[in-house]
Amino acid sequence: MKCTKLLAVLMFFIAFVPPAFSQEPEIILNHEEFGKHQRPAVIFPHEAHSTKIDCLRCHHDFDAYSNNRGGEGQQCVNCHDVHPDDGSLSLQEAFHLQCKECHETFRFQGKSAGGTMCGECHIRKK
Amino acid sequence: MDKLYEFLVGPALWAAFTLFVLGLVVRLAYFCGALSKERSGFLHSCADLKWVFGSIIGKLVAIKNVMSGSQPLWGIILFLFHACLLGVPLFLLAHNMLWEEAYSMSLPSLPDSVCDLLTVVFIAANAVLLAARIVRTELRRISTTWDYSLHFLTGVPFVAGFLAYHQIGPYRLILILHIIFAEILLIIIPFSKPGHAIHTIVTGKLKQLQSSY
C-alpha cells in the first residue's frame, strides 16, 4: 500500500513538475496591443535562444545607473508600451532593436544568427 | 550575402543619397544659370521659384486639371505613374521603420496593403507607358534607348519590392536586387527626368505667357 502511494506521488512529479518548469519552444509574438498587425507575426524560437544566451540579456531591468538588475520572467510588453509618452523605447522598437542588433553583431562576426531583413522574421505562411 | 547587405544599407546608401542630392544641386545650378538675366532675360522674367514649386505640386495633386486635358486617360496614367514613383518609397512603412531606427525620425506611413496596391498600380502604369512607347508611332519616333532603359530601371525596384513583400522566390537575393536597383535609380534620377520636368515647367509657363499676349 505504502509502495503504491509512493509510486503515485512519483508519477505525479514525473507527469506535472517538468512541464511546469519547462520553456515554450516557440512563442508567437502576436501581441494584441499592436492592434491589426501589418506584417505576419514573428515566431520566436525561445528555447533555441535560452540555451545560447543569458536570460537577462532580454529579460532585463535597468536601474537609474544602467545596471541590469534582471527581470526574469518579465515580458517586453510589461515595460515597453506601444506608444510610450515618456520618450522611452516603444514595444516595436524594443523587439526590433533587441533582435536585429544581436543578429547583426553575430552575422558581422561570421557566426550563424537569425534574420536581419524584414521577411526573415516576419515570415508569410506558404 | 550578409556583408553585401550591410554594405548596401550602409555606405552604398549614403553614397547614393549624396550623389542624389549633389546631382539635384548641380541640375538646379544649371537651371538657374539658364535662367540668369545675362543669358535669358525673357526666361528669367517668367520663371520664379514660387511658380515652379506650385506647378510641381499642382501637377501632382490636381488630378482634375490632368483629366480636363485633351487625353484624360493618358493624363491619369501619367499621374499615377509619377505619384506612385514618389509616394510608395517615401511613405512605405518598412522604409520609414528603417529611418526611425537609424535616425529617430521618419515620415508618416501608409498601411502596407495600400502600398501593395499602389505598387501594382505603378507596375501596370509603367507597362502601359512602355507599351504606348512601342506601339504609338509618334512616341516611338522620339524614344531613345535611354527612355526604354528608364522604364526598366524604375520598374525593377518596384517588382523586386513586390516580390520581397510577398516573399515570392529567393527572399534575400530579391531584397538585395531591390536595394541595388533602387540605389542606382536614386543616382540617375537627377541626371534624367527632373531635367525633362524642369524643361516642361518652363516651356509650359512660356506657352501660358504667349497665349496671354
Sequence order, the range A:59-65: Karplus ³J(HN,Hα) from phi using 6.51 cos²θ - 1.76 cosθ + 1.60, θ = phi - 60°, Hz rounded, Gly and Pro as x, gives 7, 9, 8, 8, 8, 5, 9
Each label sits 7 Å from Cα toward the beta-carbon; between A:Val82 and B:Trp14 the label points are separated, in nm, by 3.6 nm
In the range B:94-127, accessible area falls by at least 10 Å² from chain alone to full assembly (1.4 Å probe) for B:Ala94, B:Met97, B:Leu98, B:Glu100, B:Glu101, B:Pro111, B:Asp112
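In nm, what is the difference between 0.36 nm times the number of residues separating B:Ala102 and B:Arg141 and their Cα-Cα distance?
Details: separation 39, 0.36 × 39 = 14.04 nm, distance 4.63 nm.
That pair, B:Ala102 and B:Arg141, stretches by 9.4 nm at full extension.
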Residue by residue through the range A:76-89, the couplings from Karplus 6.51 cos²θ - 1.76 cosθ + 1.60 with θ = phi - 60°, in Hz, x for Gly and Pro, are 3, 5, 5, 10, 8, 7, 5, 10, x, 8, 8, x, 6, 5
iface B-A | buried accessible area, total | probe 1.4 Å | Å², round 100 | 1800 Å²
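Once you compute Rg and the Kirkwood Rh from C-alpha atoms, what is the Rg to Rh ratio for the range A:19-99? Each step should come with its number before you reach the end.
Numbers: Rg = 13.6 Å, Rh = 14.0 Å.
Reported Rg/Rh, Kirkwood definition of Rh: 0.97.
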Amide H contacts under 5 Å for A:Ile27, restricted to residues at least 5 apart in sequence or on another chain and with H modeled in the peptide plane, are A:Phe44, A:His46
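For A:Thr51 and A:Ile27, compute 0.36 nm times the residue count separating them, minus their Cα-Cα distance, and round to one decimal in nm. Present the calculation step by step, with values, prior to reporting the outcome.
Numbers: separation 24, 0.36 × 24 = 8.64 nm, distance 1.51 nm.
Using 0.36 nm per residue and subtracting the Cα-Cα distance, I get 7.1 nm.
Over the range A:24-121, what is the relative contact order in percent, taking alpha-carbon pairs closer than 8 angstrom and at least six residues apart? Spell out each step's value before the answer.
Numbers: 89 pairs, mean separation 15.2, N = 98.
Reported relative contact order: 15 percent.
At a Förster radius of 22 Å, what calculated FRET efficiency corresponds to the Cβ-Cβ distance of A:Ser66 and A:Glu93, to the nearest 0.05? Mind dumping the intermediate values first?
Working: r = 18 Å, r/R0 = 0.80.
Computed FRET efficiency for A:Ser66 and A:Glu93 comes out at 0.80.
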From highest to lowest solvent-accessible area (probe 1.4 Å; ligands, DNA and RNA excluded), A:Phe108, B:Phe181 read A:Phe108, B:Phe181
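The values are calculated or read from the model by the stated rules, or taken from the named source; none is laboratory data. Remember, predicted model here, so these are calculated numbers, not experimental data. Neighbour counts are summed over all protein chains in view; Cβ atoms, including those assigned to glycine, are modelled from backbone coordinates with ideal geometry. For accessibility, only protein heavy atoms count, side chains too; no ligands or nucleic acids. Shrake-Rupley method; radii C 1.70, N 1.55, O 1.52, S 1.80 Å.
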